[in-house]
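K.L.:
Sending over a structure as structure tokens; questions will come in a sec.
The values are calculated or read from the model by the stated rules, or taken from the named source; none is laboratory data. As the structure is a prediction and not an experimental result, all values here were calculated from the model. With ideal geometry, Cβ positions are generated from the backbone for all residues, glycine too; neighbour counts draw on all protein chains shown. Accessible surface is based on the protein model in full, side chains and every heavy atom, while ligands, DNA and RNA are left aside. Shrake-Rupley method; radii C 1.70, N 1.55, O 1.52, S 1.80 Å.
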There are 2 protein chains.
Amino acid sequence: MDRILLGHGAGGRLMHSLIREHFSGAFGMAELLDAARLSLEGRRVAMSTDSYVVKPLFFPGGDIGELSVYGTVNDLSMVGARPLCLTVGFILEEGLPLEDLRRIVASMARAAQRAGVALVAGDTKVVERGKGDGMFINTAGLGLLPEGLELVPSRMSPGDVVILSGPVGEHGIAVMAERNGLSFEPPLRSDTRPLNDLVQKMLQAGEGLKVLRDPTRGGLATTLKELALQSGLNILVREEDIPVSPQVRGAAELLGLDPLYVACEGVLVAVAGAPVAEYLLALMREHPDGVQARAIGEVLPPEGSEPRVVLQTAIGGQRMLEMLLAEQLPRIC
Amino acid sequence: MDRILLGHGAGGRLMHSLIREHFSGAFGMAELLDAARLSLEGRRVAMSTDSYVVKPLFFPGGDIGELSVYGTVNDLSMVGARPLCLTVGFILEEGLPLEDLRRIVASMARAAQRAGVALVAGDTKVVERGKGDGMFINTAGLGLLPEGLELVPSRMSPGDVVILSGPVGEHGIAVMAERNGLSFEPPLRSDTRPLNDLVQKMLQAGEGLKVLRDPTRGGLATTLKELALQSGLNILVREEDIPVSPQVRGAAELLGLDPLYVACEGVLVAVAGAPVAEYLLALMREHPDGVQARAIGEVLPPEGSEPRVVLQTAIGGQRMLEMLLAEQLPRIC
């Protein structure tokens, strides 16, 4: 394999090996978190970047512009940072209707306002017809990181509780349904939303909150497996406690997808010490974006050579959750 | 005109109207500088972003990776900031040889080391074959801005001296020659280089240094016209004082290009008060990246309705320099 495959961008195992073999060493990036944590003359800050290539540009519940704002806001939030500002880079394909650009720019402005961040710098490039695909957007963000806050997998320990803020799979299924010309009544909508306000509330739980992750590319299963590998611990989750809307379940079956591997854009996974778990859940449920929060499993001691994620199925069986291998959902964000 | 044209990305008039009509208002970006200037809890910082879509990925004197590091380092430097770190977003086309990626990543690592910046966060997306063009790279950068430093066109005044750090047109001509299969002996090479070290030296000139710009897309002529429009003043430059290498001149003629409109990636334009101009020039010439620095013109009082840039030609005539209208050089950076 000496060429880039679609799966290299899918958030799963292929992408991880690409990062490990090609990027981490060359760039000296030791941590693989959603955002980099830095010290700026004694002030702790976080930086993050994401490019957005979602197809189509407009989908039920959102568009590429909104997604590009919330996605980076959320990445900053997952290390506990308070997002302050974003930069925006457009790569436009010759022939893109200006009206599409106008709508997407307006959507970004609204999203930035909702998330309370400023869009501070921009860039526009244009490529020839057939050398792009309508529009790609990159956003990079800067946030302030509270002193002493360390949301990292190495702080996880056996007995910790795994919490999920809401139902999974909504973004990916909404995009795939739109792409395949499927429509549902009531419509399936992406869950894209900013999570920074919810996270600010969750930080009130204090040190017992150990890790935050948003299960985007690769879905919940891939995120859990990452946490297992990065902490060196096993994770057990209960299928019956993982909320999946009946609509998403139905559409996923129709599309041949497993909702546990489908991208979310508006929920988060938290790992918290058992003593604060109930308090954290209560905090989350007070927030409009966390009303459906629930404990879905727990962290277990290591066992064997590779840390595992075990799904306890509704009928009492067990299934190992691995990382998404290649892609089931290209260009989902 | 209701669709995106290649010229919308060329750095000239079309791009400026796109920014004015579609971005500035929606995003609330008042200033149009190379980098945004922000206050982060009392600390002044600068942020900037650029996407790189240069074609081909490898060209004499550089590659897209190196360019993407130096380009953003230079944008931060143009507001006087000291660049600290960059984020990197890759958009890869399915089928890209992994060896190309490896070479470009290595080149970025070297460039970051040379410029003294850290590459702190990254993202990789993959699009289907035919929906991209090998590789696009976005970088966004964060820099520290010294207290009190204001490098803005509103500080320009009649009598100021316009200084150029080196010969123009080398990057654009090198890329276009490569793209057109022309080769020269000795080879034409891109001038891509980090300018942050030169700028740090120039800041010793103090308050007399008023503006810095790197004439990338649109070239020197477009940059000067921007400065005239943003300051509301006229600018006079002398053709015979603007260094263009004989090779660039020859290749530009062959390609039907005007070197004054061709992108540079390693020179800068400075506007300085007359009292410090000689000292500033001396500082620049002490630096390896500024040995060819020279005064090329001066700032004049306004005259008529629209600020003008007048080129005094070598044969004693005058020519108005306008912004590049559309593109003569698509995908040059």
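K.L.:
Is it the case that segment A:75-85 has a residue that's open to solvent by less than 30 Å² (accessible area, probe 1.4 Å), of a type in the set (D, E, K, R) and in a helix (DSSP H, G or I)?
P.N.:
Yes, segment A:75-85 contains a residue that is open to solvent by less than 30 Å² (accessible area, probe 1.4 Å), of a type in the set (D, E, K, R) and in a helix (DSSP H, G or I).
K.L.:
Can you pull out the residues in segment B:117-135 that are more than 7 Å from chain A (Cβ to nearest Cβ) and either in a strand (DSSP E or B) or within 28 Å of the chain's Cα centre (by Cα) (or both)?
P.N.:
If the condition is that a residue be more than 7 Å from chain A (Cβ to nearest Cβ) and either in a strand (DSSP E or B) or within 28 Å of the chain's Cα centre (by Cα) (or both), then B:VAL117, B:ALA118, B:GLY134, B:MET135 are the ones that fit.
K.L.:
Tell me, yes or no, whether segment A:13-28 has at least one residue that is touching a Ser or Thr at 6+ places or on another chain (Cβ under 9 Å), open to solvent by 20 Å² or more (accessible area, probe 1.4 Å) and outside any helix (DSSP H, G or I).
P.N.:
No: zero hits.
K.L.:
A further question follows. Out of the residues in segment B:79-113 that are closer than 30 Å to B:ALA270 by Cα and basic (Lys, Arg), state the one that is nearest to the other protein chains (Cβ to nearest Cβ).
P.N.:
B:ARG110
K.L.:
Step by step: first the residues of segment B:169-213, then only those that are outside any helix (DSSP H, G or I) and at positive phi, then the one that is most open to solvent (accessible area, probe 1.4 Å). Which residue is that?
P.N.:
This residue is B:GLY181.
K.L.:
Follow-up question, since we're still on this one. Going through segment B:226-240 one residue at a time, which ones are open to solvent by 30 Å² or more (accessible area, probe 1.4 Å) and either part of a helix (DSSP H, G or I) or β-branched (Val, Ile, Thr) (or both)?
P.N.:
B:GLU226, B:LEU229, B:GLN230, B:GLU239, B:GLU240
K.L.:
Please go through segment A:37-54 and pick out each residue that is within 8 Å of chain B (Cβ to nearest Cβ) and within 30 Å of A:GLU99 (Cβ to Cβ).
P.N.:
A:THR49, A:ASP50, A:SER51, A:TYR52, A:VAL53
K.L.:
Just name the residue that is least open to solvent (accessible area, probe 1.4 Å) out of those in segment B:241-257 that are assigned to a loop (DSSP other than H, G, I, E, B) and over 16 Å from B:SER165 (Cβ atoms).
P.N.:
For segment B:241-257, the residue satisfying everything is B:LEU257.
K.L.:
Here are A:SER183, A:SER157: which of them is of a type outside the set (A, V, I, L, M) and at pLDDT 95 or above?
P.N.:
Checking each option against the conditions leaves just A:SER157.
K.L.:
Here's another thing I want to ask about it. Give just the number: which of (1) touching a Lys or Arg at 6+ places or on another chain (Cβ under 7 Å); (2) open to solvent by less than 10 Å² (accessible area, probe 1.4 Å) does B:VAL291 not satisfy?
P.N.:
(2)
K.L.:
Restricting the search to segment B:1-12, which residues are part of a loop (DSSP other than H, G, I, E, B), at the interface with chain A (Cβ under 9 Å from one of its Cβ atoms) and farther than 16 Å from A:ILE104 by Cβ?
P.N.:
The answer is B:MET1, B:LEU5, B:ALA10.
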